[in-house]
Amino acid sequence: MAWEWRFEKLDGSEVAPGEPPGDFTTQGDAETWIGEAWQDLRDQGVDQVTLSEDGSVVYGPMSLHEAG
């Protein structure tokens with residue numbers, strides 16, 4: 001199983017982060033990483049992320065901006 005994040009602008013178009021993390025072996029690893037990296041990603045122009053497992057969307061898009 002490969003877990004990966006898709007990094008997107010608000011319109012859903014894909015954007016590359018400064019340092020792509022690659023794939024994760026577990027959902028927990030992917031979620032831990034995003035929990036640590038979301039602010040840096042937002043500062044790099046990423047607006048939202050979507051988590052996939054082996055190409056199938058698990059959830060998302062999830063905003064990296066604070067609710068306002």
Which order do MET1, MET62 take by accessible area at a 1.4 Å probe, largest first? MET1, MET62
Using a Gaussian network model on the chain with a 10 Å cutoff between Cα atoms, which of GLY12, GLY28, GLY45 fluctuates the most? GLY28
Under 8 Å for C-alpha pairs, at least 6 residues apart: give me the relative contact order for the chain, rounded to a whole percent. 38 percent
Counting only protein heavy atoms with a 1.4 Å probe and every protein chain in place, the carbon and sulfur fraction of the accessible surface of the chain in whole percent equals 47 percent
Quick one: length gained pulling THR26 to GLU53 fully straight, 0.36 nm per residue minus the C-alpha distance? 8.8 nm
Please report the Cα spread of the chain along all three principal axes, rounded to whole Å, starting with the longest. 34, 22, 21
Residue-by-residue Karplus 3J(HN,Hα) for the stretch 46-52, coefficients 6.51, -1.76, 1.60, Hz, glycine and proline x: 7, 9, 7, 9, 10, 9, 10
Less than 15 Å Cβ to Cβ from ASP47, Lys/Arg counted +1 and Asp/Glu -1: what total charge do the surrounding residues give? -3
Between MET1 and SER13, how many nm apart are label points set 7 Å from Cα along the C-beta direction? 3.4 nm
So what's the angle, to the nearest 10 degrees on a 0 to 90 scale, between helix 27-43 and the longest Cα principal axis of the chain? 20 degrees
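The values are calculated or read from the model by the stated rules, or taken from the named source; none is laboratory data. All figures in this text were calculated on a predicted structure; none of them were measured in a lab. With ideal geometry, Cβ positions are generated from the backbone for all residues, glycine too; neighbour counts draw on all protein chains shown. Each accessible area value is taken on the protein alone, full model and side chains, heavy atoms only, with ligands, DNA and RNA left out. Shrake-Rupley method; radii C 1.70, N 1.55, O 1.52, S 1.80 Å.
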